[in-house]
Amino acid sequence: MHRKFDDSFKIMAVDLSVVRGSVAEVAKELDIDPSLLSKWRRNPLYNGNKVLPDNPKISPEEQELRILRKKLRDAELERDILKKAIAIFSRGDGPYTGS
């Protein structure tokens, strides 16, 4: 049976893993799977609304570069989806009548 964790627990676990710098150590201490904690760390709902969690092993410039690259990928993906949607809707066989 899967355990359910509330948002406040997830936020606390993420904060603790950032402070300690070790996902594995905190996951073991809290008796949760490290991959689950890593997933929470990437989620803006639990990591302080960050696109990517802080990584103390890389420079602030590299962190900013990673964030900008992720935002660019997201924007390009959104653009591609919109292009496909426009192509689909523009080739229609006439107005949609709803029936």
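Laboratory data are not the source of any read-out in this text; all were calculated from the coordinates shown. Computed from a predicted model, the values in this text were never measured in an experiment. Positions of Cβ are generated from backbone atoms using ideal geometry, with glycine treated the same way; all protein chains shown enter the neighbour counts.
So which helices (runs of 4 or more DSSP H) stay within the range 1-52 end to end and still have 1 or more residues that are under 20 Å from Lys71 (Cα atoms) and touching a Pro at 6+ places or on another chain (Cβ under 6 Å)?
34-42
Quick one: in the range 13-37, which of the residues that are over 18 Å from the mean Cα position of the chain (by Cα), small (Gly, Ala, Ser) and at negative phi is surrounded by the fewest Cβ atoms within 10 Å (Cβ to Cβ)?
Filtering first and then ranking leaves Ala24.
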